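This report refers to the structure that appears directly beneath it.
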Amino acid sequence: RSQLAVIPQEPFLFSGTVRENLDPRGLHEDRALWQALEQCHLSDMIMSLGGLDGELGEGGRSLSLGQRQLLCLARALLTDAKILCIDEATASVDQKTDQLLQQTICKRFANKTVLTIAHRLNTILNSDRVLVLQAGRVVELDSPTALRSQPHSLFQQLLQSSQQGSRSS
């Protein structure tokens, strides 16, 4: 379990302080906690809550869904996990923040395995491999570049559809 960090779509936070949620076992110095918060663009917001000793309330209710997801990412950054599983973890943040977080994940987990479950396809375009599911079955598995170059690829069709949808909004 210590080799796996999970950032769920519905993040779980403990009742307690920011510090207790970031570092439940008390293994890290404050400097490392603030660095993880900074990398997740949460440091200003956490300061407004009273810093690392600020209370989050039951299940982190004082934070938005996106902020709870980012706090889970900050917690993952503090681990030495070899595998990071991200389940729509940036779905509730704006696109600019999402891009910055993707860069952070790529940098911090560069030599590790990152499994990303995503509907926002731009978050996985830099992945080594993409696995496409349809009705619970694997229908495609290849690099994003290879899948994009195949005109009848479901991945390519989904990508085109998502790009058209973002242009019309």
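Remarks
- Answer residue from the stretch 79-97, given it is buried (at least 18 other Cβ atoms within 10 Å of the Cβ) and modelled with pLDDT of 85 or more and is nearest to the chain's Cα centre (by Cα) among those: Ile86
- Scoring Ile86 on the criteria (1) assigned to a strand (DSSP E or B); (2) farther than 25 Å from Asp44 by Cα leaves a single failure, condition (2).
- Arg31 vs. criteria among the basic types (Lys, Arg) and under 24 Å from Thr113 (Cβ atoms): no
- Here is the figure for the stretch 12-27: residues that are in contact with a Lys or Arg (Cβ under 9 Å, 6 or more places away or on another chain) and surrounded by fewer than 11 Cβ atoms within 10 Å (Cβ to Cβ) total 1.
- Qualifying residue in the stretch 10-22 (condition: closer than 13 Å to Ala76 by Cβ, touching a Phe, Trp or Tyr at 6+ places or on another chain (Cβ under 8 Å) and at pLDDT 90 or above): yes
- Within the stretch 116-142, the set of residues being within 20 Å of Cys85 (Cβ to Cβ), out of contact with any strand residue (DSSP E or B) (no Cβ under 6 Å at 6 or more places or on another chain) and not in a strand (DSSP E or B) comprises Ala118, His119, Arg120, Leu121, Asn122, Thr123, Leu125, Asn126, Ser127, Asp128, Arg129, Gly136.
Here's the yes/no breakdown for (1) in the same structural domain as Val114 (by TED's automatic domain parsing); (2) closer than 21 Å to Gly66 by Cβ; (3) of a type in the set (D, E, K, R); (4) free of Cβ contacts under 8 Å to residues at least 12 places away in the same chain:
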| site | (1), (2), (3), (4) |
| --- | --- |
| Pro11 | yes, yes, no, no |
| Val18 | yes, yes, no, no |
| Glu29 | yes, no, yes, yes |
| Glu38 | yes, yes, yes, yes |
| His41 | yes, yes, no, no |
| Met45 | yes, yes, no, no |
| Leu49 | yes, yes, no, no |
| Glu55 | yes, yes, yes, no |
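The values are calculated or read from the model by the stated rules, or taken from the named source; none is laboratory data. What you see is a predicted model; the values in this text were computed from it and never measured. Because the Cβ atoms are built from the backbone with ideal geometry, glycine has one as well, and the counts that use them run over all protein chains shown.
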